[in-house]
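Novice: I have a structure here, written as structure tokens, and I will follow up with some questions on it.
The values are calculated or read from the model by the stated rules, or taken from the named source; none is laboratory data. Small disclaimer: the values here were computed from a predicted structure and weren't measured. With ideal geometry, Cβ positions are generated from the backbone for all residues, glycine too; neighbour counts draw on all protein chains shown. Side chains are part of the model used for accessible areas, which takes the heavy atoms of the whole protein and leaves out ligands, DNA and RNA. Shrake-Rupley method; radii C 1.70, N 1.55, O 1.52, S 1.80 Å.
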Amino acid sequence: MDFQHGFTMTIGGLPVAGESSFPVINPATTDCLAQAPEASRAQLDAAVAAARRAFDGWQAVPLARRQALVHCIAGRLEAHHHAFARLLTSEQGKPLADAHAEVARCIRWLKETACMGLPDEVLLDTPEKKVVKRHVPLGVVAAIAPWNFPMTLAVWKIAPALVAGNTMVLKPSPFTPLTSLKLGELLRDLLPPGVLNVVSGTDRLGPWLTEHAGIDKIAFTGSTPTGRAIMRSASDTLKRVTLELGGNDPAIVFDDVDIDAWVPRIFWGAFANNAQFCLASKRMYVHASIYERFAQALAAYARTVKIGDGMEPGTRIGPLQNARQHERIRSLLAQARADGVRFLAGGDVPPGRGYFVPVAIADDPPDDAPIVTEEAFGPVLPLLRFSSEDEVVRRANQGPYGLGASVWSADLERAERVARRLQAGTVWVNTIHELSPQYPLAGHKQSGLGRENGLEGLLEYTNTQIHTINRGAVALP
């Protein structure tokens, strides 16, 4: 299988070239990595029609067989692990070690989701009547994956949708379509034709897909503004939606932490994947009594982290993924400097090739500064002083987002007490980013609707159906 050339869409189990193409850029070099196929409206219609034709047959496949095939997807991916990791680094920019970790995560998610079932639940069972609750597939799912974790967040949708008996049209981000296109190619002879279709395109393709009358559900990961637009598109036909959206996650660091021991873990809670991570710590509240020592230790650690091309040995942080995001971070930092914000590390974007930005750590900016209130989605972290529990909880809960949060303290009773008061779907205590196929992920407030992962995430791809069976004599009217 050629991972460098021949990128085609998968529609109805067949390779399909786009009616035109668009460039995919390597963010470390800004060179054109490949040309990806641009789907036309007619090709999207063909993909949806293929998924619709395949649905009746796929939902009739016994659950155990669907589970086995999803498990086989993991095996196929495992056999090409190294090639997928290198392609992922080339199109996304993350260090090769992180790309290998992402592919391994996909394999784990596929295997564990394939073990999940949807058993019937008997609600009533008497000599006269039996009532059973069943979970039945929705139909055709439109899956829209973002550019920060393009493989992970596609698999988080593919695995539960297919286990539940749905068929799918997958649309990767136009910035990172190549790994998804190759995954579609890899599975053409494994899955029945039309069960998994992969189409790629630029900005026009997403709205065509979300408003399409042949789609029954939309599963989307991305920004909150785009999530709102998808809800509007879905409203005409009342499509089901799962939306995993933006976050501005707080981290709260109390005065009893072991600074030297915990700074590296806390740093990567903010800067993993170059902070292009919905669940990254994006506001860090540090107790006033340790603020200066902690801030200096965090800045010193940042200076030890190698930033560079993800293919280079020793690189820990790669480039930002695309020019649009690079310019956004440049503008955010320039505004902060113009507003008088001081930086303990970084704060400037030197000229050069590639979308690189040094780690920027801001020194106690005002709570209403854009660098605090906006989701940067890049290597920018404001440190903020606090003095009391009530104060930090109030400040941490400000804003429209509620995706994740973390609390760091040697006093577990205090840490858990504070954690229970935070308005977020996932709260970690003395750890961060521990995710599992078994744990549901959900956002509060404007960080999303619905669930991903776990049994709750699997149920997002089903409708509830009640069977009432009368065993007694039929009563006369």
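Novice: If contacts are Cα pairs under 8 angstrom and at least 6 residues apart, what is the relative contact order of the stretch 249-429 in percent?
Specialist: Relative contact order here is 27 percent.
Novice: Peptides 405-418, 49-62, 270-283: what's the order by average Cβ count within 10 Å, highest mean first?
Specialist: On the way: 405-418: 18.7, 49-62: 16.9, 270-283: 25.3.
Order by mean packing, descending: 270-283, 405-418, 49-62.
Novice: What is the calculated FRET efficiency for THR431 to LEU455, with r their C-beta to C-beta distance and R₀ = 30 Å, to the nearest 0.05?
Specialist: E(calc), rounded to 0.05, equals 0.85.
Novice: If DNA, RNA and ligands are ignored and the probe is 1.4 Å, what is the ranking of PHE356, PHE22 by accessible area, most exposed first?
Specialist: Result, largest first: PHE356, PHE22.
Novice: Compute the angle between helix 150-163 and the longest alpha-carbon principal axis of the chain, please, reported from 0 to 90 degrees and rounded to the nearest 10.
Specialist: Compared with the principal axis, the helix lies near 30 degrees.
Novice: Order the following by accessible area, largest value first: GLU244, GLU112. Probe radius 1.4 Å; ligands, DNA and RNA are ignored.
Specialist: Most to least solvent-accessible, the answer reads GLU112, GLU244.
Novice: Ok, one more. Using Cα centres only, tell me the gap between the stretch 59-73 and the stretch 141-220 in whole Å.
Specialist: Here the answer is 18 Å between Cα centres.
Novice: Roll a 1.4 Å probe over the protein heavy atoms and report the accessible area of GLU391 in Å², nearest 10.
Specialist: The value for GLU391 is about 40 Å².
Novice: For the chain, find the longest principal axis of its Cα atoms and tell me its angle to the long axis of helix 291-302, 0 to 90°, nearest 10.
Specialist: Roughly 70 degrees, rounded to the nearest 10.
Novice: Please express the Cα-Cα pair-distance distribution P(r) of the stretch 249-429 as a list of whole percents, one per 5 Å bin, running from 0 to the bin with the greatest distance.
Specialist: So the P(r) values, bin by bin, are 1, 8, 18, 22, 21, 15, 9, 4, 1, 0.
Novice: For each pair in LYS133/LYS445; LYS282/LYS445; LYS171/LYS282; LYS171/LYS217, compute the distance between the two Cα atoms and list the pairs where it is over 21 Å.
Specialist: Listed pairs above 21 Å: LYS133/LYS445; LYS171/LYS282.
Novice: Counting DSSP beta bridges in the chain, what percent are antiparallel, to the nearest 5?
Specialist: Working: 30 of 68 bridges.
Counting only bridges with both partners in the chain, antiparallel ones make up about 45 percent.
Novice: Helix 63-79 versus the longest principal axis of the chain: what angle, 0 to 90°, nearest 10, using Cα atoms?
Specialist: The answer is roughly 40 degrees.
Novice: Please find the FRET efficiency linking GLU327 to THR202, where r is the Cβ-Cβ separation and R0 is fixed at 22 Å, and quote it to the nearest 0.05.
Specialist: It comes to 0.75.
Novice: Per the helix-only calculation at 222 nm, which mean residue ellipticity applies to the chain, given -39500 (n - 2.57) for every DSSP H run of n ≥ 4 and division by its residues, nearest 500 deg cm²/dmol?
Specialist: -11500 deg cm²/dmol
Novice: May I ask you to evaluate 6.51 cos²θ - 1.76 cosθ + 1.60, the Karplus curve with θ = phi - 60°, for each residue of the stretch 382-394 and list the ³J(HN,Hα) values in order in whole Hz, giving x for glycine and proline?
Specialist: Working through the residues one at a time gives x, 9, 9, 7, 9, 10, 9, 4, 4, 4, 6, 5, 4 Hz.
Novice: Once the principal axes of the Cα atoms of the stretch 1-118 are found, what is the range along each, listed largest first in whole angstroms?
Specialist: 47, 38, 22
Novice: Using the Kirkwood radius over C-alpha pairs as Rh, can you work out the diffusion coefficient of the stretch 219-329 via Stokes-Einstein at 20 °C, viscosity 1.002 mPa s, in µm² per second?
Specialist: Estimated via Stokes-Einstein, D reaches 129 µm²/s.
Novice: Taking the radius of gyration and the Kirkwood hydrodynamic radius from Cα positions alone, what is the Rg/Rh ratio for the stretch 162-201, to two decimal places? List each step's numbers first, then the result.
Specialist: Values: Rg = 10.3 Å, Rh = 10.6 Å.
The Rg/Rh ratio comes out at 0.98.
Novice: Which cross-chain or sequence-distant (5 or more) residues have an amide H under 5 Å from the amide H of GLU38, H modelled 1.01 Å from N in plane?
Specialist: Those qualifying (amide H under 5 Å, at least 5 residues apart or on another chain) are GLY18, GLU19, SER20, SER21, PHE22.
Novice: Right, another one. From Cα coordinates alone, what are the radius of gyration and Dmax values for the chain in angstrom?
Specialist: 23.7, 85
Novice: For the stretch 249-429, give the percent of accessible area contributed by carbon and sulfur heavy atoms, probe 1.4 Å, rounded to a whole number.
Specialist: The C+S portion of the solvent-accessible surface of the stretch 249-429 is 49 percent.
Novice: Please give the contour-minus-distance gain from ARG232 to ASP368: 0.36 nm per residue of separation, less the Cα-Cα distance, rounded to one decimal in nm.
Specialist: 46.0 nm
Novice: Taking R0 as 56 Å, what FRET efficiency do you get between ILE259 and ALA473 from their Cβ-Cβ distance, rounded to the nearest 0.05?
Specialist: Details: r = 77 Å, r/R0 = 1.37.
Efficiency, rounded to the nearest 0.05: 0.15.
Novice: Kindly report, to the nearest 10 Å², the accessible surface of ASP339 as traced by a 1.4 Å probe over protein heavy atoms only.
Specialist: Near enough 100 Å² of accessible area.
Novice: Would you mind checking the radius of gyration and Dmax of the stretch 1-70 based on alpha-carbon positions, in Å?
Specialist: Final numbers for Rg and Dmax: 16.4, 48 Å.
Novice: So if I take the centroid of the Cα atoms in the stretch 419-477 and the same for the stretch 345-391, what is the distance between those two points in Å?
Specialist: Answer, in whole Å: 34.
Novice: Where the eigenvalues come from the Cα gyration tensor of the stretch 108-234, what are the semi-axes √(5λ) of the equivalent ellipsoid, largest first, in whole Å?
Specialist: Semi-axes, largest first: 31, 18, 13 Å.
Novice: A follow-up question, please. Just need the relative contact order of the stretch 15-122 here, percent rounded to a whole number, with Cα pairs under 8 Å and 6+ apart.
Specialist: On the way: 90 pairs, mean separation 27.1, N = 108.
Answer for the stretch 15-122 is 25 percent.
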